[in-house]
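S.K.: Let me give you the structure first, and then I'll get to my questions.
The values are calculated or read from the model by the stated rules, or taken from the named source; none is laboratory data. None of the values given here were measured: they were computed from a predicted structure. Don't worry about glycine lacking a Cβ; one is built from the backbone with ideal geometry, like all the others, and counts go over all protein chains shown. Surface areas here come from the heavy atoms of the whole protein model, side chains and all, with no ligands, DNA or RNA. Shrake-Rupley method; radii C 1.70, N 1.55, O 1.52, S 1.80 Å.
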Amino acid sequence: MASMRTPLRRVRGLGSAKEGTDHFWKQRLTALANVPLVLFALGLIVSLAGQPHEVVRSTLANPFVALVLILFLVSVLTHMKLGMQVVIEDYVHGEGAKILLIALNIFFTFAVGAASVFALLKIAFGG
Amino acid sequence: MSKTTATRARPLSPHLQVYTFIPTMMMSIIHRITGVGLYFGTVLVAIWLLAASGSPESFARVQAIYGSWFGLFVLFGYTWVLIHHLIGGVRHFVMDSGSDLALGKEQSTKAAIAMPFISAGITILIWIVALLSRGA
């Protein structure tokens, strides 16, 4: 008699990934955090538009500004990493291409985040 | 003898092109497109921060590109996309709460139609403030 097990049950011999609504919840949580953080960053950039280099540096070196901008980056990048993952999973059906793109998504997010946080810390610590 | 349900072609899941185009659907698609745009646009933020952390020459170079007519055009578009996605996200919070179901679909359609006008209005206001403070 053929196995009664569904292909899904057999696919990797694994049970639940135990993540449940983790993705959904983090997407909402970062969305909520993004509202004030994005408004802060936007206001800062508008106020710094066309300002000389020294003014931009001294403003970004302010501990409060640097700290909130780092929180802004972490929240926004987490949010967009989750969002892009869903877009990839929705439209890319080839298993290899999907895994490759999901990996690139993570690399891209970390590259943007590392570069931005490094620049902010360099300015903040007077480098 | 008529076909039995077992041999008749099974119905396929309907996809985007078979639905009548409606504003809420349009805003759902735009929310995703603006999200993807913002994703790649974060590179602009990283470049600006790196330039600011570097030499005055590197900052001046980036400022010149961002301040050119093309740079300003891209930044204006990016601001609009950001504001649109942001208020779209707030709209999604309202929808997640389930209150749209109580209000009815006419209300959610109105909210969807209002979206591009609200986001354009806020974007233009931000740019008026930015350009005025720059001139002053």
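S.K.: Looking at segment A:62-76, is at least one residue within 10 Å of chain B (Cβ to nearest Cβ) and within 9 Å of the chain's Cα centre (by Cα)? It would help to see each step written out before you state the result.
M.R.: Residues of segment A:62-76 that are within 10 Å of chain B (Cβ to nearest Cβ), as a first pass: A:69, A:72-73, A:76.
After this cut, where a residue has to be within 9 Å of the chain's Cα centre (by Cα) as well, the list is A:73, A:76.
Scanning segment A:62-76, I find at least one residue that is within 10 Å of chain B (Cβ to nearest Cβ) and within 9 Å of the chain's Cα centre (by Cα), so the answer is yes.
S.K.: Give me the pairs: first residue in segment B:107-136 and aliphatic (A, V, I, L, M), second residue surrounded by 14 or more Cβ atoms within 10 Å (Cβ to Cβ) and part of a loop (DSSP other than H, G, I, E, B), beta-carbon distance under 6 Å, and six or more apart or on different chains, which are they?
M.R.: That search, which allows pairs on different chains as well, returns B:A130/A:A49.
S.K.: Answer yes or no as to whether B:V74 is within 26 Å of A:V56 (Cα to Cα) and in contact (Cβ under 8 Å) with a residue 24 or more places away in the chain.
M.R.: Answer is yes for this residue.
S.K.: Further, regarding this structure: Away from chain A (no Cβ under 12 Å) and either part of a helix (DSSP H, G or I) or open to solvent by less than 60 Å² (accessible area, probe 1.4 Å) (or both): is that true of B:F70 in this structure?
M.R.: Working: away from chain A (no Cβ under 12 Å): yes; either part of a helix (DSSP H, G or I) or open to solvent by less than 60 Å² (accessible area, probe 1.4 Å) (or both): yes.
Yes.
S.K.: Looking at this structure, is B:V94 under 20 Å from A:P36 (Cα atoms), part of a helix (DSSP H, G or I) and in contact with an Asp or Glu (Cβ under 9 Å, 6 or more places away or on another chain)?
M.R.: So B:V94 passes the test.
For every residue, the table says whether it meets (1) open to solvent by 70 Å² or more (accessible area, probe 1.4 Å); (2) closer than 20 Å to A:M80 by Cβ.
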{"position": "B:I87", "(1), (2)": "no, yes"}
{"position": "B:R91", "(1), (2)": "no, yes"}
{"position": "B:D96", "(1), (2)": "yes, yes"}
{"position": "B:S99", "(1), (2)": "no, no"}
{"position": "B:K105", "(1), (2)": "yes, no"}
{"position": "B:I113", "(1), (2)": "yes, no"}
{"position": "B:I118", "(1), (2)": "yes, no"}
{"position": "B:G121", "(1), (2)": "no, no"}
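S.K.: Next question, about the same structure. Yes or no: segment A:55-75 includes at least one residue that is within 17 Å of A:W25 (Cβ to Cβ), open to solvent by less than 50 Å² (accessible area, probe 1.4 Å) and part of a helix (DSSP H, G or I).
M.R.: Checked segment A:55-75: at least one residue is within 17 Å of A:W25 (Cβ to Cβ), open to solvent by less than 50 Å² (accessible area, probe 1.4 Å) and part of a helix (DSSP H, G or I).
S.K.: Is it true that B:A111 is farther than 27 Å from A:S58 by Cα and under 22 Å from the mean Cα position of the chain (by Cα)?
M.R.: Numbers: farther than 27 Å from A:S58 by Cα: yes; under 22 Å from the mean Cα position of the chain (by Cα): yes.
Yes; evaluated as a whole, the condition is true for this residue.
S.K.: Give segment B:123-136 a look and list any residue that's open to solvent by less than 50 Å² (accessible area, probe 1.4 Å) and within 10 Å of chain A (Cβ to nearest Cβ), or say none. It would help to see each step written out before you state the result.
M.R.: Initial filter on segment B:123-136 (open to solvent by less than 50 Å² (accessible area, probe 1.4 Å)): B:123, B:126-127, B:130.
Across segment B:123-136, the qualifying residues are B:I126, B:W127, B:A130.
S.K.: Can you spot a residue in segment B:74-96 that is within 9 Å of chain A (Cβ to nearest Cβ) and more than 16 Å from the chain's Cα centre (by Cα)?
M.R.: Yes: one or more hits.
S.K.: Out of curiosity, is B:T109 in a helix (DSSP H, G or I) and closer than 13 Å to A:A49 by Cβ?
M.R.: Values: in a helix (DSSP H, G or I): yes; closer than 13 Å to A:A49 by Cβ: no.
The answer is no for B:T109.
S.K.: Next question. State all residues of segment A:102-120 that are open to solvent by 70 Å² or more (accessible area, probe 1.4 Å) and more than 13 Å from the chain's Cα centre (by Cα); if no residue qualifies, say none. Outline the logic, then answer.
M.R.: Initially, segment A:102-120 is screened for residues open to solvent by 70 Å² or more (accessible area, probe 1.4 Å), giving A:104, A:107, A:110, A:118.
The answer is A:F118, and nothing else.
S.K.: Let me ask something else about it. When you scan segment A:80-96, do you find a residue that is away from every other protein chain (no Cβ under 12 Å) and among the small types (G, A, S), even just one?
M.R.: Yes; the residues of segment A:80-96 include at least one that is away from every other protein chain (no Cβ under 12 Å) and among the small types (G, A, S).
S.K.: Hey, another quick one. Looking at B:K105 and the list (1) closer than 15 Å to B:P23 by Cβ; (2) out of contact with any Ser or Thr (no Cβ under 9 Å at 6 or more places or on another chain); (3) not hydrophobic (A, V, I, L, M, F, W, C), which single condition is not satisfied?
M.R.: Every condition holds for B:K105 apart from (2).
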